[in-house]
Amino acid sequence: MTSRVCRALSALVLFVGAANLLPGSADAEAARSDSLPVEVGINQVSPQIPNFTDTSKPITFAGQIRNTGTSTLRGVHLEVWRSLVTTRSNLGSANGEGYNVQTKAVKKFTELAAGAPQSWKLAPTELELFGSYSPQPGVYAIDIDAFDQNGVFLGGQRTYMVWKPMDMSGAKQTRIALMWPVVGQPGLTGQKKADPSATPILSDQSVAQQFAQGSRLSKILNEGASLPLVNWLVDPDLLYTANTLSGGYFYPDTSPANADESSPSGSSGNGASSRLVGAPGTDPKDWYNRATTVLTSQQGKNCWNLLYGDPDLNTLSRSDPGKNMLKAIGAVNPPVGPCRVNGQTGQTIAWPSDGQADATTLAGIAAAGGSNTVALVGSTQVSGWPSAHAVLPGSPNTIVYDSYLSGSGVFADPAKPAPATLNNAGVLEGQVWLAQTALADRDNTGRVLVVTPPRDFDPPQELLQAIKSMSAGTVPTADQWFGLDDLGKALNTPATPEHVSALSPVTTANLSSDIVASSSDSQQLYQALYAIMPDHQSDPAVALRPAATWWRNHPGDATYSQTVYSTAVADHALVSIVGQTAPLTMSGKSGTVPVAIRNQTTATIKVYLRAHTSHTVQLKVDEDQGVHPVERGQSATIRIPVKGEGNGVQVDLYATLYTCADMSQNCTYYPASLIKPTNEDGGHTKVTVKVSRIGIIALSLIIGSGVLLVLLIGLRVYRAKRTHHASAQDTMAS
């Protein structure tokens, strides 16, 4: 130990001295002093699990080494060190400590040029690695450490080896409920080709590309089916999207050459800013068929639906518009899919981003799904939970997953790329999985551990091999230290009361308030439009997709949200009341006021009309006009009966479109609670009516004057005739 301390002190002195000699600012020197002069990377550990019956077998470690400094290093060599790890919290990293493995497998480097990686390979036997024919059962940290010729530690990389953990006193097999997310990028915008095919128009070609052969989603299906047992977490909207694209799709060609061209899009006439490119739906169709096959087979028997569209629960639970959206999401009935046919039909999984949750998030989950929703959250106190099934204030049905096994050390998240290293991440992840599962029994005796990879999980082969290791025949049955279970076993365990403070706090940034506002408005506009199109197939999740959890860790959320919002505004405006330009004059005591309803959609609509005026003395209106069908692409004129009092009075009559028969404030066609009102409100119109009624006395005088005029004219004619007749008689007499 004394020599180790001396070497560490020498390394510190030499490193600090070298840093002081390098040019640059004090900040740069401080930054360099925080790193080690040599980086060691591991990209091969073979086999993953040692041979428990023949300690003469070699275990191969291979990788690369790199000089991180600016000058050549000489006399560097690699050594293998081991140390026994007893708890998951102490897995740690390479530090130049432990027991030096006495082996001939030592790699020496005459020179290490700055920045240039060199390969290395070490293959000690099991006897050399563990130091005994009968090693102590447990988990061993294996460090590949670099030293200089004076024995000064320069850097290293740690991995793990497990030796017969079931031989430990009181050891029990760790039971794991492994979640397997089937979640992807939302992409349906509501835009469709303006022809009978109504082919969908995507916001981005990548939405369809995610279903291609060899893609992440393709591998998720195949690799999940290859495991002994997983719990599929399926976003029903992903299956809906793939099925919708199966008949073909379009996407905007945003290349500079076509940026100024335009092509009509949308079933209702909304447009795209660039030329549209058509594509067959072969890949989405193949993926959908494969998903249906897998999830309805024996391999897919443990299938659980996420909330439709996998909404960002942390974001939406923090505002009134967001809470209303959660309620709308809870009301969406997913199309009949595999998880409804073959899986857990009675319960839906609500999964906050990265398992982060607090009291507000739990309240949002409760509002979204009711009693049949299971919250899937993480905890900062892994060893403190006696069961994965818990009761939390406001969330009686909660599953708390294991943060150690679900963490970044095991499952890399492609949406959060780690700093570049010389390591093969999959190799290290596989060994961490084996070590974690071997130690889990010590702090979670008798508990089913729920393990959740990230949503856009893309598992490397080495990790898959480690997960399958207990069923692949490589480990004798008596030595298998973990097994896979279904989530139902955890849910069937009696729930224990816990405190919200034990959950993983919400630390990552929520979606912007603009996206929530646009999504909320889009949802209201879509709901109003399709409420008056009863015979038209609608997609109630169009406006909800911009608030999906996917966008929390991926770019493009603002652009996608704006596309959906613009489409919603344009489609909603296709149904409107034609405005009245000039005042109407009503002559007489009663009459009708014409109001034209225009339908530019491709479906017949049924809309309700109500008229009213604030001057009820001068103009009486039959308010409830009932329901009126309007054929697609047509206009219909509704004549509103009115009665007028007074003469020469101008009265404003207002006509409003509604989507429901009771014509309450909550179902006006133009929603009253929009956060960002649109430029034009075609949901109501104002008609100015000029009441020009003639009174009874005036009418009597007019009639009397007419009769008198007729009499006077008749008398004048009579006299003229008599005068003419008298003149004629005188002439004859003469």
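Where in the stretch 173-222 are the strands (runs of 3 or more DSSP E), entirely inside, with at least 2 residues that are of a type in the set (A, V, I, L, M, F, W, C) and either open to solvent by 30 Å² or more (accessible area, probe 1.4 Å) or modelled with pLDDT of 95 or more (or both)? Give the derivation first.
Working: elements: 174-182, 188-192, 200-202.
Hits in the stretch 173-222: 174-182.
For the stretch 354-385, enumerate the residues that are assigned to a helix (DSSP H, G or I) and modelled with pLDDT of 90 or more.
First, pick out the residues of the stretch 354-385 that are assigned to a helix (DSSP H, G or I): 354-355, 359-372, 382-384.
Correct list: Asp354, Gly355, Ala359, Thr360, Thr361, Leu362, Ala363, Gly364, Ile365.
Of everything in the stretch 131-162, what is hydrophobic (A, V, I, L, M, F, W, C) and open to solvent by 10 Å² or more (accessible area, probe 1.4 Å)? Give them in sequence order.
Going residue by residue through the stretch 131-162, those that are hydrophobic (A, V, I, L, M, F, W, C) are 139, 141-142, 144, 146-147, 152-154, 161-162.
Within the stretch 131-162, Phe153, Leu154 qualify.
Among the listed residues Leu463, Leu503, identify the single one that is more than 20 Å from Ser89 (Cα to Cα), open to solvent by less than 10 Å² (accessible area, probe 1.4 Å) and in contact with a Gly (Cβ under 8 Å, 6 or more places away or on another chain). Step through it out loud before you land on a result.
Numbers: Leu503 fails: more than 20 Å from Ser89 (Cα to Cα).
Matching residue, one of Leu463, Leu503: Leu463.
What is the residue count in the stretch 614-634 for residues that are crowded, with 19+ Cβ neighbours inside 10 Å and closer than 23 Å to Gly644 by Cβ?
Number of matching residues: 3.
Across the stretch 470-487, which residue is most open to solvent (accessible area, probe 1.4 Å) among those that are at pLDDT 90 or above and out of contact with any strand residue (DSSP E or B) (no Cβ under 9 Å at 6 or more places or on another chain)? Write out each step before concluding.
The first filter runs over the stretch 470-487 and keeps only residues at pLDDT 90 or above, leaving 470, 475-487.
Now narrow it down to the ones that are out of contact with any strand residue (DSSP E or B) (no Cβ under 9 Å at 6 or more places or on another chain): 475-480.
Details: Val475: 7, Pro476: 68, Thr477: 115, Ala478: 83, Asp479: 14, Gln480: 36 Å².
Taking the candidates together, the pick is Thr477.
For the stretch 278-315, what are the residues that are of a type in the set (D, E, K, R) and either open to solvent by 10 Å² or more (accessible area, probe 1.4 Å) or in contact with an Asp or Glu (Cβ under 9 Å, 6 or more places away or on another chain) (or both)?
We begin by selecting, within the stretch 278-315, every residue of a type in the set (D, E, K, R); these are 283, 285-286, 290, 301, 310, 312.
Answer for the stretch 278-315, where residues must be of a type in the set (D, E, K, R) and either open to solvent by 10 Å² or more (accessible area, probe 1.4 Å) or in contact with an Asp or Glu (Cβ under 9 Å, 6 or more places away or on another chain) (or both): Asp283, Lys285, Asp286, Arg290, Lys301, Asp310.
Filter the stretch 386-402 down to residues that are surrounded by fewer than 21 Cβ atoms within 10 Å (Cβ to Cβ) and modelled with pLDDT under 85, then give me how many there are.
Start the filter on the stretch 386-402 by keeping residues that are surrounded by fewer than 21 Cβ atoms within 10 Å (Cβ to Cβ), which leaves 386-387, 391, 393-394, 396-397.
Among the residues that remain, those that are also modelled with pLDDT under 85 are: 386-387, 394, 396.
Of the residues in that region, 4 qualify.
Does Ile467 fit the bill of being of a type in the set (Val, Ile, Thr), more than 23 Å from the chain's Cα centre (by Cα) and not in a loop (DSSP other than H, G, I, E, B)?
On the way: of a type in the set (Val, Ile, Thr): yes; more than 23 Å from the chain's Cα centre (by Cα): yes; not in a loop (DSSP other than H, G, I, E, B): yes.
Spelling it out, Ile467 is indeed of a type in the set (Val, Ile, Thr), more than 23 Å from the chain's Cα centre (by Cα) and not in a loop (DSSP other than H, G, I, E, B).
Do the conditions hold for Asp535, that is, is it in contact with a Ser or Thr (Cβ under 9 Å, 6 or more places away or on another chain), among the acidic types (Asp, Glu), over 17 Å from Cys667 (Cβ atoms) and touching a residue at least 40 places away in the same chain (Cβ under 8 Å)? Steps first, answer last, please.
Numbers: in contact with a Ser or Thr (Cβ under 9 Å, 6 or more places away or on another chain): yes; among the acidic types (Asp, Glu): yes; over 17 Å from Cys667 (Cβ atoms): yes; touching a residue at least 40 places away in the same chain (Cβ under 8 Å): yes.
Judged against the criteria, Asp535 is a match.
Exactly one of these conditions fails for Gly446: (1) at pLDDT 90 or above; (2) open to solvent by 50 Å² or more (accessible area, probe 1.4 Å). Give me its number.
(1)
Looking at the structure I just gave you, is Ala490 assigned to a helix (DSSP H, G or I) and out of contact with any strand residue (DSSP E or B) (no Cβ under 7 Å at 6 or more places or on another chain)? Talk me through it step by step, then tell me what you get.
Numbers: assigned to a helix (DSSP H, G or I): yes; out of contact with any strand residue (DSSP E or B) (no Cβ under 7 Å at 6 or more places or on another chain): no.
No: the conditions fail for Ala490.
Return a yes/no flag: does the stretch 410-419 have any residue that is of a type in the set (A, V, I, L, M), farther than 27 Å from Ala388 by Cα, in a helix (DSSP H, G or I) and free of Cβ contacts under 8 Å to residues at least 60 places away in the same chain.
Within the stretch 410-419, none of the residues are of a type in the set (A, V, I, L, M), farther than 27 Å from Ala388 by Cα, in a helix (DSSP H, G or I) and free of Cβ contacts under 8 Å to residues at least 60 places away in the same chain.
Go through the stretch 104-127 residue by residue and tally those that are part of a strand (DSSP E or B) and either free of Cβ contacts under 8 Å to residues at least 40 places away in the same chain or open to solvent by 50 Å² or more (accessible area, probe 1.4 Å) (or both). If you could, list the steps in order and put the result at the bottom.
Taking the stretch 104-127 and keeping what is part of a strand (DSSP E or B), we get 107-112, 114, 118-122, 125.
Within this subset, residues satisfying the condition of being either free of Cβ contacts under 8 Å to residues at least 40 places away in the same chain or open to solvent by 50 Å² or more (accessible area, probe 1.4 Å) (or both) are 107-108, 110-111, 118-119, 121.
Residues that pass the stated criteria total 7.
Could you give every pair whose Cβ atoms fall below 9 Å, whose first residue belongs to the stretch 573-587 and is under 15 Å from Ile638 (Cα atoms) and modelled with pLDDT of 90 or more, and whose second residue is open to solvent by 20 Å² or more (accessible area, probe 1.4 Å) and part of a strand (DSSP E or B), counting only separations of at least 6 or pairs across chains?
The qualifying pairs are Val575/Arg598; Ser576/Arg598.
Quickly run through the stretch 48-76 and pick out the residues that are among the hydroxyl-bearing types (Ser, Thr, Tyr) and buried (at least 17 other Cβ atoms within 10 Å of the Cβ).
Just the residues of the stretch 48-76 that are among the hydroxyl-bearing types (Ser, Thr, Tyr), to begin with: 53, 55-56, 60, 68, 70-72.
Correct list: Thr55 only.
Identify, by number, the condition in (1) out of contact with any Asp or Glu (no Cβ under 7 Å at 6 or more places or on another chain); (2) open to solvent by 60 Å² or more (accessible area, probe 1.4 Å) that Val45 doesn't meet.
Only one criterion is unmet by Val45, namely (2).
Restricting to the stretch 77-103, and then to whatever is among the small types (Gly, Ala, Ser) and open to solvent by 60 Å² or more (accessible area, probe 1.4 Å), can you tell me which residue is farthest from the chain's Cα centre (by Cα)? Reasoning before the result, please.
Kept after step one, since they are among the small types (Gly, Ala, Ser), are these residues of the stretch 77-103: 83, 89, 92-94, 96, 98.
When the remaining residues are screened for being open to solvent by 60 Å² or more (accessible area, probe 1.4 Å), the result is 89, 93.
Working: Ser89: 32, Ser93: 35 Å.
Here the answer is Ser93.
In the stretch 545-561, which residues are over 9 Å from the mean Cα position of the chain (by Cα), of a type outside the set (Gly, Ala, Ser) and closer than 17 Å to Pro200 by Cα? Lay out the reasoning, then the answer.
To start, the set of residues in the stretch 545-561 that are over 9 Å from the mean Cα position of the chain (by Cα) comprises 553-561.
Add one more test, that the residue is of a type outside the set (Gly, Ala, Ser), and what stays is 553-555, 557, 559-560.
Across the stretch 545-561, the qualifying residue is only Tyr560.
The values are calculated or read from the model by the stated rules, or taken from the named source; none is laboratory data. Worth saying up front: this structure is predicted, and the values here are computed from it rather than measured. Virtual Cβ from ideal backbone geometry, glycine too; neighbours counted across all protein chains shown. For the accessible areas, the whole protein counts, side chains as well, though only heavy atoms, and no ligand, DNA or RNA atoms are used. Shrake-Rupley method; radii C 1.70, N 1.55, O 1.52, S 1.80 Å.
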